[in-house]
Amino acid sequence: MDEKTLIAKRVALELRPGNLVNLGIGLPTMVASHLPAGVNVFFQSENGIVGMAPVPEPGAENEDLSDAGGSPIGAVPGAASFDSAMSFGLIRGGHLDVTVLGGLQIDEEGRLANWMVPGKMVPGMGGAMDLVSGAKRVIVAMQHSAKGTPKIVKRCELPLTSVRRVDLIVTELAVIEPTDKGLVLREVAPGVTVADVLAQTGAELIVPSAVPTMPVAA
């Protein structure tokens, strides 16, 4: 199993039947394809749809159906489409149960930076700031490091997306929960040791006496 699939499968276990869930651009969109059997959720995209389905089979794409990043999506029977004002009303109004976002950096306080890399051209901040501030639960799905550099750090060097603490971090190495006391190591991935996680983390982790192995969706 590749690293991104592992992350997506573990995040999928956090979703509950009936949840209204926003999936960010990139890795988070993979979560829709790995829901456990019997778990039916409603996927929302900030460009204006509730009832988003996984990417259709090649050749079945509809140019009028795309996610916020412009990638093709499907739609479940009964899906609703609407304008951006309505979409952001759902987000800012606190109606989203969960948002799953990618991350560039997360600091020891659980604050996320994921919208801009200084010196690089970006199309805009998108909906990340609204999503982190408005969703009831924020899960960050990202790889643990970038080119050998830890992405979980003492202090974010990149601009923060929100001052709000995220609720959970899922990487290919671990599941980490930001708390009032700091970042708590909740699980390690199959074949990964606590020492492996600590060696690739640039922030201090609170390590319980027993750290279980990460389960993944079937």
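The values are calculated or read from the model by the stated rules, or taken from the named source; none is laboratory data. Nothing here was measured: the structure is a model prediction, and the numbers come from that model. Cβ atoms come from the backbone with ideal geometry, glycine included; neighbour counts cover every protein chain shown. Only protein heavy atoms, including side chains, enter the accessible area calculation; ligands, DNA and RNA are left aside. Shrake-Rupley method; radii C 1.70, N 1.55, O 1.52, S 1.80 Å.
Among residues of region 113-124 being among the hydrophobic types (A, V, I, L, M, F, W, C) and free of Cβ contacts under 8 Å to residues at least 24 places away in the same chain, the one that is least open to solvent (accessible area, probe 1.4 Å) is V122. Report whether or not G134 is surrounded by 15 or more Cβ atoms within 10 Å (Cβ to Cβ) and in contact (Cβ under 8 Å) with a residue 24 or more places away in the chain. Yes; evaluated as a whole, the condition is true for this residue. When only residues in region 2-53 that are at positive phi and assigned to a loop (DSSP other than H, G, I, E, B) count, which is surrounded by the fewest Cβ atoms within 10 Å (Cβ to Cβ)? Looking at residues that are at positive phi and assigned to a loop (DSSP other than H, G, I, E, B), I get G38.
Condition check: at pLDDT below 80, of a type in the set (G, A, S) and open to solvent by 30 Å² or more (accessible area, probe 1.4 Å). Does A60 satisfy that? Lay out the reasoning, then the answer.
Numbers: at pLDDT below 80: yes; of a type in the set (G, A, S): yes; open to solvent by 30 Å² or more (accessible area, probe 1.4 Å): yes.
Yes, satisfied.
Has region 71-79 got any residue that is over 30 Å from K181 (Cβ atoms) and crowded, with 21+ Cβ neighbours inside 10 Å?
In the first step, residues of region 71-79 are kept if they are over 30 Å from K181 (Cβ atoms); the result is 71-79.
Add one more test, that the residue is crowded, with 21+ Cβ neighbours inside 10 Å, and what stays is 73.
Yes, there is a match, as at least one residue in region 71-79 is over 30 Å from K181 (Cβ atoms) and crowded, with 21+ Cβ neighbours inside 10 Å.
Identify, please: which residue in region 98-112 is open to solvent by less than 10 Å² (accessible area, probe 1.4 Å) and farther than 19 Å from G127 by Cβ and is, among those, nearest to the chain's Cα centre (by Cα)? The residue in question is G110.
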